[in-house]
Amino acid sequence: MANCLQSKLDEYCAHLQRKAENYKEGQSANLQTSTVIVLDRSVDSYAPLVHEFAYQAIVHDLIDLENGDKYAYSSVAANGEVQRTETELAEATDPLWAKLRHQHISQVSQTLVKRLDQLVSENVGIKALASLSKRPTLNEMRAALAELPEFKRLQSS
């Protein structure tokens with residue numbers, strides 16, 4: 001992009017030079033001078049003010065999404081094996097994404113904190129985990145997950 005800009009500026013300067021040389025001696029070319037400043041975005045002090053702070057924009061800035069909506073990450077399973085997981089950010093598969101993606105990031109943060117507090121207050125298994133002073137074992141975590149309404153619905157279907 002910088003090379004393209006440089007070539008266009010060179011062409012324009014050459015055009016102005018030819019135009020100035022075409023004037024007869026003693027006549028004013030009446031050309032005004034200009035200054036073009038090309039800055040890196042890190043120098044642009046207005047960029048933070050015009051950037052969109054919606055949840056979707058922040059996600060696209062911070063996470064490398066494949067095909068615009070797929071997020072892949074690696075995690076280590078309990079047996080030490082590295083697993084690659086793909087998640088799709090789509091309205092059809094993730095109703096929370098559909099609800100939050102156009103909200104300001106501060107509203108999203110407040111909403112998620114409220115939802116987490118609600119989840120902890122409504123679920124006996126998570127309350128039991130939270131009351132432990134040590135790290136929970138896998139069996140304790142499995143028991144807490146089994147108490148979640150979503151998990152019970154999946155088991156019943």
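Quick notes
- Under 10 Å, Cβ to Cβ, from Y71 - net charge with Lys/Arg +1 and Asp/Glu -1: -4
- Aspartates and glutamates with Cα under 17 Å of K114, excluding same-chain neighbours fewer than 8 positions away: E122
- Modelled FRET efficiency - R0 22 Å, A143 with E88, Cβ distances, 0.05 increments: 0.15
- Share of carbon and sulfur in the accessible heavy-atom surface of the stretch 33-118 [1.4 Å probe, %]: 52 percent
- Net lengthening on full extension, V38/I63 (0.36 nm per residue, minus Cα-Cα): 6.2 nm
- Where a label projected 7 Å from the Cα of H51 along Cα→Cβ would reach, residues of the stretch 88-122 with amide N under 14 Å: 105-106
- Straight-line reach from K70: taking Cα to Cα under 20 Å and skipping same-chain neighbours fewer than 8 places apart, the aspartates and glutamates in range are D61, E86, E88, E91, D94.
- Here the 3J(HN,Hα) profile of the stretch 14-21, calculated from phi with Karplus coefficients 6.51, -1.76 and 1.60 at θ = phi - 60°, is 5, 4, 5, 5, 4, 5, 5, 6 Hz, Gly and Pro shown as x.
- Qualifying aspartates and glutamates (Cα of each under 18 Å from Cα of K127; at least 8 residues distant if same chain): D117, E140, E147, E150
- Cβ-defined net charge surrounding C4, 12 Å radius [Lys, Arg +1; Asp, Glu -1]: -1
- Within-12-Å neighbourhood charge of Q107 [Cβ basis; K, R +1; D, E -1]: +3
- Cα-based shape type of the stretch 81-132, given that a ≥ b ≥ c are square roots of the gyration tensor eigenvalues and the cut on a/c is 1.5: oblate
The values are calculated or read from the model by the stated rules, or taken from the named source; none is laboratory data. Since the model is a prediction, treat every value here as computed from it, not as a measurement. Quick reminder, even Gly has a Cβ in these numbers, built from the backbone with ideal geometry, and neighbours come from all protein chains shown. Just the protein is used for accessible areas: all its heavy atoms, side chains included, with ligands, DNA and RNA removed. Shrake-Rupley method; radii C 1.70, N 1.55, O 1.52, S 1.80 Å.
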